[in-house]
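Notes follow the structure.
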Amino acid sequence: MTIATDFYPTRKEARPSFIERVDPVVYDAEIRQQEIDKQQLSFYEENGYLFLEEFFRAEEVDVFKAETRELLASCQGSTRPEVILEPGGDEVRSVFAVHGSHSFFKELAVHPRLSAIVRQILGSEVYVHQSRINFKPGFTGKEFYWHSDFETWHAEDGMPRMRALSCSIALEDNNPYNGALMVVPGSHRTFVSCVGRTPDDHYKQSLRRQEYGVPDQESLARLVEQGGIQMPVGKAGSVLLFDCNLMHGSASNISPYPRSNAFYVFNSVENRLQKPFSAVKPRPSFIASR
């Protein structure tokens, strides 16, 4: 396999550093679909995310919720590696590779309205790099610490360039109290090179609580000072699209209101995975499709 040039070295030095992005954010600036307009595309390019309130209709949301309940019930007590439990507990935190194992979420991954926007931004055909359903139950749902997804996908999966995005579909109402996702606008233009050698089979711990590939507090403070923090919240059926390098995270859910979302990562077919840049071997295919 040809080894790609490492434009974003990470987990190799003793101190963290900032590396300015060398890749585009929007790969096709000419509007070729009817779901978002030029202004929305420009907002995504500048801020690194786009929130589409109530993108799906109420009757579609009802189906989402029913399918999610069915999936969660089928995963209780499961020992399959795709089923990730909360740290220190036995509640389901995430279920991975749902676009391959569950017919409904497979169809949702290729929803024509979503696909049109993703192809617009990435400027090519795409494939699902990763899919999962995240659960954050009321009172006990744990946090996801600040991170850039691309740092992990680059280091551990071998994603060479920033030509991927995440699509988070709200399966329950998101509000400021139930651990909704927070983003740092503009942070997608700066790559934070992290410290610490990647342990073998790091995914077995990181999917429950990540310790390597997380930014240091000084770097986070600088990014937030520059861009602030936003929390895009809305009704079930809303969609949040965000760039692969956008810094984001979420707090724990101590409210009574559950939160869950369908999460798809779309990667350009022109950005296929290489050998991991900062790990001995790639993560399993249920986490990173090769």
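Determine which residues of the range 30-50 fall in the zone a paramagnetic label at residue 124 would reach in this model, i.e. backbone nitrogen under 18 Å from the point 7 Å along Cα→Cβ.
Those under the cut-off are 30.
Here are some values of Kirkwood radius over Cα pairs in Å: (1) 21.3; (2) 20.5; (3) 19.1. Which one was computed from this structure?
(3)
Which percent of the accessible heavy-atom area of the range 227-290 goes to carbon and sulfur, probe 1.4 angstrom?
Details: 1230 of 2280 Å².
Looking at the range 227-290 in its full context, I get 54 percent from C and S.
Using alpha-carbon positions, what is the distance between the centroids of the range 126-155 and the range 224-290, in Å?
5 Å
Summarise the accessible area of the range 104-180 (1.4 Å probe, protein heavy atoms) by the percent that is carbon and sulfur. Spell out each step's value before the answer.
Details: 1300 of 2350 Å².
Here carbon and sulfur together make up 55 percent of the probe-accessible area.
So if I place +1 on the C-beta of Lys and Arg and -1 on the C-beta of Asp and Glu, and nothing else carries charge, what would the dipole magnitude of the chain be about its Cα centre? I want it in debye, nearest 20.
Working: 32 positive and 38 negative charges, 140 e Å.
Here the size comes out at about 680 debye.
Could you tell me the largest-minus-smallest coordinate of the C-alpha atoms of the range 1-158 on each of the three principal axes, in descending order and whole angstroms?
47, 44, 36
Scale the Cα Rg of the range 211-290 by the rule-of-thumb value 2.2 N^0.38 Å and send over the ratio, two decimals. Walk me through the numbers on the way to the answer.
Working: Rg = 16.3 Å, N = 80, 2.2 N^0.38 = 11.6 Å.
Compared with the compact-globule rule of thumb, the range 211-290 sits at 1.40.
Across bins of 10 angstrom width beginning at 0, how are the C-alpha pair distances of the range 105-227 distributed, in whole percent?
10, 35, 41, 15, 0
How far is the Cα center of the range 13-34 from the Cα center of the range 60-84, in Å?
If you average the Cα positions of each part, the centres end up 33 Å apart.
Within 10 Å, count the other beta carbons around each residue, average over each peptide in 158-166, 173-181, and list them highest first. If you can, show how the numbers build up before the last one.
Working: 158-166: 23.7, 173-181: 20.0.
My ranking of the peptides, most packed first, is 158-166, 173-181.
Calculate for the chain the 222 nm mean residue ellipticity that helices alone would give, adding -39,500 (n - 2.57) per DSSP H run of length 4 or more and normalising by residue count, nearest 500 deg cm²/dmol.
Values: 8 runs with 69 residues, N = 290.
-6500 deg cm²/dmol, from helical runs alone.
Which value results when the Cα radius of gyration for the range 14-57 is divided by 2.2 N^0.38 Å? Walk me through the numbers on the way to the answer.
On the way: Rg = 14.7 Å, N = 44, 2.2 N^0.38 = 9.3 Å.
Here the Cα radius of gyration is 1.59 times the empirical estimate.
How do 16-26, 280-290 rank on mean C-beta neighbours within 10 Å, highest first?
Values: 16-26: 14.4, 280-290: 16.6.
Descending mean neighbour count gives 280-290, 16-26.
Based only on the alpha carbon positions, what is the Kirkwood hydrodynamic radius of the range 138-199, in angstrom? It would help to have the intermediate numbers written out before the result.
Values: mean 1/r = 0.0698 Å⁻¹.
14.3 Å is the Kirkwood radius here.
Taking the Cα centre as origin and putting +1 on Lys and Arg beta-carbons and -1 on Asp and Glu beta-carbons, what dipole magnitude results for the range 157-290, to the nearest 20 debye?
Values: 15 positive and 11 negative charges, 90 e Å.
Charge dipole, the range 157-290, about its Cα centre: 440 debye, nearest 20.
To the nearest 0.05, how large is the calculated FRET efficiency for residue 139 and residue 42 if R₀ is 45 Å and r is the Cβ-Cβ distance? Present the calculation step by step, with values, prior to reporting the outcome.
Numbers: r = 40 Å, r/R0 = 0.89.
With a Förster radius of 45 Å, E is 0.65.
Just the accessible area per residue of the chain, please: how many Å² with a 1.4 Å probe? Show your work: numbers first, answer last.
Values: 13150 Å² over 290 residues.
Computed with neighbouring chains in place, this is 45 Å² per residue.
Tell me the carbon and sulfur percent of the accessible area for the range 1-98, rounded to whole percent, probe radius 1.4 Å.
Details: 2850 of 5800 Å².
Exposed carbon and sulfur together represent 49 percent of the surface.
Measuring from label point to label point, each 7 Å out along Cα→Cβ, what is the residue 73 to residue 230 span in nm?
That separation, rounded to one decimal, is 3.8 nm.
Tell me, in nm to one decimal, what length is gained between residue 6 and residue 113 on full extension, where the rule is 0.36 nm per residue of separation less the Cα-Cα distance?
Details: separation 107, 0.36 × 107 = 38.52 nm, distance 3.38 nm.
Fully extending the segment from residue 6 to residue 113 adds 35.1 nm.
Between residue 197 and residue 216, what is the label-point separation in nm under the 7 Å Cα-to-beta-carbon projection?
Placing both labels 7 Å beyond Cα along the Cβ direction yields 1.9 nm.
The values are calculated or read from the model by the stated rules, or taken from the named source; none is laboratory data. As the structure is a computational prediction, the values presented were derived from the model and not from experiment. Methodologically, a virtual Cβ is constructed for each residue, glycine included, from the backbone with ideal geometry; neighbour enumeration extends over all protein chains shown. When the accessible area is computed, the model is the full protein with side chains, heavy atoms only, and any ligands, DNA or RNA have been set aside. Shrake-Rupley method; radii C 1.70, N 1.55, O 1.52, S 1.80 Å.
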